[in-house]
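The values are calculated or read from the model by the stated rules, or taken from the named source; none is laboratory data. For clarity, every value in this text was computed on a predicted model and none was experimentally measured. Cβ sites come from the backbone with ideal geometry, for glycine too, and all protein chains shown count toward neighbours. Accessible surface is based on the protein model in full, side chains and every heavy atom, while ligands, DNA and RNA are left aside. Shrake-Rupley method; radii C 1.70, N 1.55, O 1.52, S 1.80 Å.
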Amino acid sequence: MVQINFEIATTFIAYSLLMLFIGLYFYNKNKNTEDYFLGNRSMGPVVSALSAGASDMSGWLLLGLPGALYVTGFSEIYIAIGLSIGALLNWSFVAKRLRIYTSVIANSITIPDYFETRFSDDKHILRVLCAIVILIFFTFYVSAGLVSGAKLFEATFGIAYEYALTTGTIIIVAYTFLGGYKAVCWTDLIQGLLMMGALIVVPCAMIYHLGGIDESIKIVSEIKPQALSMGEGVSAIAIISSLAWGLGYFGQPHILVRFMSIRSTNDIKAATIVGISWMVISLIGACLIGVIGIAYVYKFELSLQDPEKIFIVMSQVLFNPWVSGILLSAILAAVMSTASSQLLVSSSTIAEDFYRRIFKTDASDKSILNIGKLGVLCVACIAFVISFDEDSSVLSIVAYAWAGFGASFGSVMLFSLFWERMTRVGAIGGMVVGAITVVLYKNYLGTYFNFPIYEIVPGFLAASITIIILSLLTNVREGTKVAYETMLKHL
């Protein structure tokens, strides 16, 4: 833990002010709800790709993942492999179809909008279900970001966890509240580049100070040889669980909305290349920090109470305060990019999917904007309360929310875009079964059956089987068939 010093404090303040300035810049540029929630579908490929990546990775990329590899070694690398494959498949197969459907078929600006349109759900059952799932799991997801931010401020400045949590929350909520989707995307661009830069610089500096890559590997192999193994001692269930993280991509609303907002389907190929390149480089850096950190902590006899703070400690030890401040801002960037995106999706759910579509169909754009901003505050407050447990693991909270979305939304999203025969009843059943299975398996069934597989696997399978059975037992609505055929013509 370092003392509060001028250099690091100045860097943090400058970075936070830059993010708030971007929020203020876009404050008067949001003319309607499509501007505030979807950026008027004007995002270019680089902004879309880096925004998707930065909002996806969150604080777990610099805290949770390095911490997991520090404890167990390369056996945890299967999470990174699964995520990379899932992200590539998401950009390659989901992005174009979803962009077409939500703009050409109907002007959908939220994921619940899309599901309701896709299945001609005039009773709004899917919309309400989507909204409930989003608000429940995103509240937990946002809390994971707030915990990451609190750990950053606590470790960097030595302030109490509660004050650290409050500081981070205020910064994140402020620029999301002000700027909306465009502010979130442009700050994500800056934050994504900062995160990747930090994940390149820190492991390179660690390896240099240890005497090279060969010496680093030698030290790790001497004190924890199992850390260098990707398979030895790792069960098939553990590998499947880690790879299954990739399934979650198909159901993450804050990532899917990037596909809906991209400027044109012609930009998707370039965005895919940029996004996957950024992701692979960043994941490799995070994994190296965790494993090489084993050698560094041992050789230089450092004290590391919380493995999830390995990146923070390395940034403080290896660099002068000015550079350290910039590198530590990367964690703040990761936290802010994800939490802001999730808060925005949650607020659009409250404003568009509950207030406008169900309670007040004639609501003006101005009132919807105000309700949306109020939604940002409400979700942030609940997540803030959940985050007060300072012993929370960032990775475990993210894993739970990720599984919830992957099982409930991911299965429905894939079938809806690739199976013409899917029906409204199938979508409703799949969403309900997926969400309930994740909750039950995580809290009860996994322990009861003594089968510790990641809950996204049984959740996704149960949802998929439900979708197929219920769809085959019910009829497809005529409107949905025509809309699906129209989407295929635009591919």
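Just a few scattered comments:
- For the chain, the longest principal axis of the C-alpha atoms and the axis of helix 45-57 are separated by about 70°.
- Surface listing: 319, 300, 137 arranged by accessible area from highest to lowest gives 300, 319, 137, probe 1.4 Å.
- The chain - mean residue ellipticity at 222 nm from DSSP helices (-39,500 (n - 2.57) per run, n ≥ 4, rounded to 500): -23500 deg cm²/dmol
- Per-residue extension of 0.36 nm, minus the Cα-Cα distance of residue 491 and residue 447, leaves a gain of 11.3 nm for this segment.
- Here the calculated FRET efficiency for residue 235 and residue 469, from their Cβ-Cβ distance with R0 = 51 Å, stands at 0.95, rounded to the nearest 0.05.
- Rounded accessible area per residue of segment 212-367, 1.4 Å, Å²: 38
- Solvent-accessible area, 1.4 Å probe, carbon plus sulfur percent, for the chain: 66
- Heavy-atom surface of segment 373-491, accessible at 1.4 Å and reported per residue (Å²): 45
- On the beta carbon distance between residue 85 and residue 362, with R0 = 51 Å, the FRET formula returns roughly 0.65.
- Bridging of residue 123 to aspartates and glutamates at a Cα separation below 15 Å is possible for 113, 353, once same-chain residues fewer than 8 apart are set aside.
- Summary of packing: across the peptides 482-489, 446-453, 305-312, the per-residue average of other C-beta atoms within 10 Å ranks them, highest first, as 305-312, 482-489, 446-453.
- Accessible-area value, residue 124, 1.4 Å probe, nucleic acids and ligands omitted, Å²: 60
- Environment charge of residue 480, counting only residues whose C-beta is closer than 13 Å and scoring Lys/Arg +1, Asp/Glu -1: -1
- Solvent-accessible area per residue for segment 49-150 (1.4 angstrom probe, square angstrom): 23
- Counting 0.36 nm for each residue step from residue 440 to residue 6 and taking away their Cα separation leaves a gain of 151.3 nm.
- Partner lysines whose Cα lies under 16 Å from the Cα of residue 366, excluding those fewer than 8 positions away in the same chain, are identified as 29, 31.
- Across segment 343-491, the relative contact order, built from alpha-carbon pairs under 8 Å that are at least six residues apart, equals 23 percent.
- Per DSSP, loop trypsin sites (Lys or Arg not before Pro) in segment 76-129 with at most 13 further Cβ within 10 Å: 123
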